[in-house]
Amino acid sequence: GVRHEPTSKIVLDLERLYDEASEDLAYVARYARAIQQQRGDYNGRVLSIRADDLRALAIVYDASPSGLIERLNEHGVLVADPRAFFAS
Ligand code: C2E
Ligand code: C2E
Ligand code: C2E
């Protein structure tokens with residue numbers, strides 16, 4: 001059948017996130033590591049995260065969810081389309 005995917009699915013580029021020297025993303029990186037641990041998802045190049053978790057993280061950054069997304073984009077750690085990401 002047809003999959004109706006939410007347009008706002010948040011997918012992190014883990015390599016970039018963990019390489020990112022900026023202190024700015026330290027909490028996002030720590031959160032992503034915790035999620036990987038909870039899922040037992042250690043080998044991924046990317047990580048899809050919950051909208052709920054993004055909301056919680058935004059509070060830590062004193063930002064709106066869309067504000068945090070913008071910030072993640074500026075750092076280049078968001079993957080717009082994970083399938084295209086792996087095809088390239
Ligand atoms: P849980 O929330 O009780 O979820 C149990 C299982 O349901 C998960 O096992 C996963 O297979 C599935 N599941 C739940 N919500 C979703 C979802 O939105 N999408 C998908 N694809 N599957 C979902 P899993 O992955 O082994 O996670 C085990 C537990 O670790 C979860 O139990 C939850 O307590 C925690 N966890 C894992 N990932 C996250 C996360 O991204 N955020 C939060 N807050 N907790 C997470
Ligand atoms: P998608 O969500 O667009 O993800 C494309 C590919 O990105 C996935 O290919 C996987 O290699 C990677 N990816 C995305 N999120 C994560 C993540 O949180 N952890 C890891 N380790 N890799 C991730 P894959 O696995 O062949 O999946 C292809 C498509 O199948 C996915 O496209 C999605 O539409 C569906 N799918 C796979 N697993 C689940 C699942 O647990 N729940 C749901 N609802 N769909 C899934
Ligand atoms: P997804 O698997 O394609 O799920 C899309 C949305 O469907 C989720 O958005 C959530 O609203 C709902 N959903 C899917 N499975 C469950 C479930 O078992 N319980 C509940 N209550 N809702 C469910 P959300 O939460 O924003 O998550 C976005 C993506 O993050 C998920 O896409 C999945 O790729 C990943 N994810 C979230 N939580 C987990 C988890 O616990 N384990 C794993 N392995 N992946 C997760």
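The values are calculated or read from the model by the stated rules, or taken from the named source; none is laboratory data. Not measured: the values here are computed from a predicted model. Using ideal geometry, Cβ is built from the backbone for each residue, glycine included, and neighbour counts are taken over all protein chains shown. Only protein heavy atoms, including side chains, enter the accessible area calculation; ligands, DNA and RNA are left aside. Shrake-Rupley method; radii C 1.70, N 1.55, O 1.52, S 1.80 Å.
Note down the net charge around SER22, summing +1 for each Lys or Arg and -1 for each Asp or Glu among other residues with Cβ under 12 Å from its Cβ.
Its environment carries a net charge of -3.
Using θ = phi - 60° and the Karplus form 6.51 cos²θ - 1.76 cosθ + 1.60, what ³J(HN,Hα) does each residue of segment 42-59 get, whole Hz, x for Gly and Pro?
Taking θ as phi minus 60°, the curve returns 9, 9, x, 7, 10, 9, 7, 10, 6, 4, 4, 6, 5, 4, 5, 5, 4, 4 Hz for segment 42-59.
How large is the accessible surface per residue of the chain, computed with a 1.4 Å probe and reported in Å² as a whole number? Could you put the intermediate results ahead of the total?
On the way: 6160 Å² over 88 residues.
Accessible area per residue, the chain: 70 Å².
Amide H to amide H, which residues 5 or more places from ILE10 or on other chains are under 5 Å from it, using H placed in the peptide plane?
HN-HN under 5 Å from ILE10: ILE49.
What's the magnitude of the charge dipole for the chain around its Cα centre, counting Lys and Arg as +1 and Asp and Glu as -1 at the beta-carbon? Answer in Debye, nearest 20.
Here the chain has a charge dipole of around 400 debye.
Taking +1 at the Cβ of each Lys and Arg and -1 at the Cβ of each Asp and Glu, which of GLY40, LEU17, GLY67 sits farthest along the dipole of the chain towards its positive end, judged by Cα position relative to the Cα centre?
Projecting each Cα onto the dipole axis, the largest value belongs to GLY40.
Let a ≥ b ≥ c be the square roots of the eigenvalues of the Cα gyration tensor of the chain; is it rounded (a/c under 1.5), or, if not, prolate (a/b larger than b/c) or oblate?
Rounded.
Carbon and sulfur atoms: what percent of the 1.4 Å accessible area of segment 10-78 do they account for?
Whole-percent figure for carbon plus sulfur exposure: 44.
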